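Engineer: A single structure is presented below for examination.
The values are calculated or read from the model by the stated rules, or taken from the named source; none is laboratory data. All values derive from a computational prediction rather than experimental measurement. Glycine also receives a Cβ, built like all others from the backbone with ideal geometry; neighbour counts cover every protein chain displayed. Surface areas here come from the heavy atoms of the whole protein model, side chains and all, with no ligands, DNA or RNA. Shrake-Rupley method; radii C 1.70, N 1.55, O 1.52, S 1.80 Å.
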Amino acid sequence: MNTAPLQPLFLLRPGIRLVLASASPRRRQFMDEWGLPYTIVRPTGVEPRPEHGETPAAYALRAATAKARAVAASAEAGADDLILAADTVVALGHDILGKPADDADALDMLRRLSGREHEVITGVCCLFPDGSSAGFADTSAVRFHAWPEDVLRAYVRSGEPADKAGAYAIQGQGAFLVESVHGSWSTVVGLPVSRLAALLLEGGWMRPVD
């Protein structure tokens with residue numbers, strides 16, 4: 001088995017600093033796997049609520065943009081920063097399922113998702129050092145197997161659903177819940193890496209390692 005460390009894939013444009021406006025371990029892992037250095041600045045006091053009639057995709061993008069702009073306005077931001085923010089939501093029809101309030105709420109969400117297809121949408125916002133910005137929302141369809149009540153209760157007791165949108169984590173213990181994914185797996189995890197890589201490469205903000 002090859003245990004050698006992975007070599008970097010990409011390099012940032014010289015003179016810029018990548019700021020990740022997120023505390024998500026999985027988003028950090030994606031940047032680590034790309035080989036990009038980054039600084040974490042968590043946005044504070046930015047948790048916009050969905051507006052009446054707002055689509056889940058529009059809400060996810062608005063929430064990501066709010067996070068990015070909050071970091072840009074903070075004392076930790078600099079003129080050479082490329083700020084990357086993302087926000088992931090789970091939608092069952094027109095209903096946006098956020099983080100559960102408690103175990104009972106988590107169990108209720110999982111009951112609603114069991115045996116059905118739902119959407120996971122991740123909004124991404126990038127603020128660039130030249131004053132420009134770009135954003136998008138990417139959607140994947142996820143289908144749960146129809147799980148019995150005792151299985152869902154066991155998952156809730158694991159504690160993993162507590163701080164997860166839709167009360168599950170596909171990259172964790174909750175992977176067994178998912179029967180199929182149509183679209184990007186990384187979007188479900190929390191960062192559409194294919195679309196993000198294309199955006200940064202096409203804009204010249206990063207390049208492949210020679």
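Engineer: Restricted to Cα positions, what overall size does the range 93-210 have along the principal axes? Three whole-Å values, descending.
Structural biologist: Over the range 93-210, Cα extents along the principal axes are 52, 27, 26 Å.
Engineer: How much accessible surface area, in Å² rounded to 10, belongs to the heavy atoms of Val41 with a 1.4 Å probe?
Structural biologist: 10
Engineer: What spacing in nm lies between the two simple spin-label points modelled at Trp185 and Arg13, each 7 Å away from Cα in the Cβ direction?
Structural biologist: It is 3.2 nm.
Engineer: Separate question: Restrict the search to the range 87-131; then list the trypsin sites (Lys or Arg not before Pro) that DSSP places in a loop and that have at most 13 other Cβ atoms within 10 Å of their Cβ.
Structural biologist: Arg116
Engineer: What's the angle, to the nearest 10 degrees (0 to 90), between helix 103-113's Cα axis and the longest principal axis of the chain?
Structural biologist: Taking the Cα atoms of the chain, the angle to 103-113 is about 90 degrees.
Engineer: Measure off, as a whole percent, the carbon and sulfur share of the 1.4 Å-probe accessible area of the chain, all protein chains present.
Structural biologist: Exposed carbon and sulfur together represent 52 percent of the surface.
Engineer: Moving to a separate point now. Sequence-distant or interchain residues sharing an amide H contact under 5 Å with Phe10, placed H: which?
Structural biologist: For Phe10, whose amide H was placed from the backbone, the distant partners under 5 Å are Val209.
Engineer: A further question follows. Give me the compactness ratio for the range 10-107, meaning the Cα radius of gyration over 2.2 N^0.38 Å.
Structural biologist: 1.24
Engineer: May I pose another question? Distance between Cα centroids, the range 100-149 to the range 55-79: provide it in whole Å.
Structural biologist: If you average the Cα positions of each part, the centres end up 18 Å apart.
Engineer: Using a 1.4 Å probe and counting only protein heavy atoms, arrange Ser194, Ser114, Ser133 so the residue with the most accessible area comes first. It would help to have the intermediate numbers written out before the result.
Structural biologist: On the way: Ser194 90, Ser114 25, Ser133 65 Å².
Order by accessible area, largest first: Ser194, Ser133, Ser114.
Engineer: With a 1.4 Å probe and all protein chains in place, put Tyr59, Tyr38 in order of accessible area, largest first.
Structural biologist: Tyr38, Tyr59
Engineer: Moving to a separate point now. Helix-only estimate, please: 222 nm mean residue ellipticity of the chain, summing -39500 (n - 2.57) across DSSP H runs of length 4 or more and dividing by its residues, to the nearest 500.
Structural biologist: Rounded to the nearest 500, the figure is -9000 deg cm²/dmol.
Engineer: Under 8 Å for C-alpha pairs, at least 6 residues apart: give me the relative contact order for the range 147-196, rounded to a whole percent.
Structural biologist: That works out to 22 percent.
Engineer: Could you compute how much accessible surface Glu160 exposes when probed at 1.4 Å, giving the result in Å² to the nearest 10?
Structural biologist: About 40 Å², ignoring ligands and nucleic acids.
Engineer: Write down the accessible area per residue of the range 3-48 in Å², having rolled a 1.4 Å probe over the full set of protein chains.
Structural biologist: I get 60 Å² per residue for this part.
Engineer: Using alpha carbons only, how many angstrom separate the centre of the range 177-192 from the centre of the range 15-42?
Structural biologist: Cα centroid to Cα centroid, the span is 20 Å.
Engineer: For the range 157-201, which semi-axes, largest first and in whole Å, follow from the square roots of 5 times the eigenvalues of its Cα gyration tensor?
Structural biologist: Numbers: eigenvalues 121, 29, 9 Å².
Taking √(5λ) for each Cα gyration eigenvalue gives 25, 12, 7 Å.
Engineer: Hey, another quick one. How much length would be gained if the chain were fully extended between Ala175 and Glu51, taking 0.36 nm per residue of separation minus their Cα-Cα distance, in nm to one decimal? Please list the in-between numbers first.
Structural biologist: Values: separation 124, 0.36 × 124 = 44.64 nm, distance 3.06 nm.
Full extension of this stretch gives 41.6 nm more.
Engineer: When only C-alpha pairs under 8 Å and at least 6 residues apart count, what is the relative contact order of the chain, in percent?
Structural biologist: Worked out over the chain, it gives 22 percent.
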